[in-house]
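Where a number appears in this text, it was derived from the coordinates with a stated rule and is not lab data. What you see is a predicted model, and the numbers here were worked out from it, not measured in a lab. Positions of Cβ are backbone-derived with ideal geometry, glycine not excepted, and every protein chain shown enters the neighbour counts.
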Amino acid sequence: MDFPAPPTPSPDPPLDYRLAFQLAPVGLILSRERRIIDCNERVCEMFGAAPEQLVGQSFRILYPSADEYERIGARIAPILNRDGLYADNRVMKRVGGAQAGETFWCHVTGRAIDRSAPHSAGIWTFEDLSAQRPVTADLTAREREVAAQLLRGLTSKEIARVLGISHRTVEIYRAQLMRKYQASTAADLVQRLMGGL
């Protein structure tokens with residue numbers, strides 16, 4: 001008894017990597033020398049900007065201050081050089097739309113294409129954490145940096161090493177954060193920074 005031959009499977013349609021980039025559920029940016037070469041729809045939504053407002057611009061446009069842009073860039077370079085990867089949570093700034101100028105917590109991850117030249121080319125992901133961790137106080141650039149390190153669970157001495165400042169200076173910024181967030185203890189401050197209270 002002859003059985004009919006199984007149907008020939010149709011070939012899978014080719015993957016459209018450009019579409020995958022544009023529709024990714026996280027923000028994606030391709031960079032060269034800390035300039036935005038391309039970005040996807042999620043980045044535009046997150047930062048409240050059209051692609052033409054971002055493409056060609058320095059990453060500086062996404063930071064609340066020039067100081068943070070410079071200091072974070074300086075901290076990122078040796079880590080990318082050593083590991084090829086970098087990740088942190090930091091406060092970023094919305095560029096346009098109804099929320100222009102608003103700061104928000106963002107998880108940022110990056111990969112250097114060439115470790116020996118960490119800023120020459122890379123791919124970066126951005127995840128908006130504002131729903132879980134709202135920025136509820138008006139913070140200075142250094143307060144934002146200290147807050148980010150506190151959320152990593154670092155001590156004042158460890159934060160001082162990361163930021164290149166004295167541990168006494170870190171203590172001053174931590175005290176300012178505690179006042180602004182009306183926190184009674186360091187643990188209470190971390191809880192409030194995380195949006196728990």
note = If R0 = 41 Å, then ALA137 and GLU52, at their Cβ-Cβ distance, give a FRET efficiency to the nearest 0.05 of 0.80
remark   = Whole-Å distance linking the alpha carbon centroid of segment 114-176 with that of segment 15-90 is 17
request  = Rank LEU139, LEU30, LEU15 by mean-square fluctuation in a GNM of the chain with C-alpha springs under 10 angstrom and give only the top-ranked residue.
outcome  = LEU15
message = Modelling each spin label as a point 7 Å along the Cα-to-Cβ direction, I'd like the ALA5/ASP188 distance in nm, to one decimal.
response = 7.9
inquiry  = For the chain, what does the relative contact order come out to in percent, with C-alpha contacts under 8 Å and a separation of six or more?
reply    = 16
ask   = Working out 0.36 nm times the residue gap between VAL26 and GLU158, then minus their Cα-Cα distance, what length gain in nm do you get to one decimal?
value = 44.5 nm
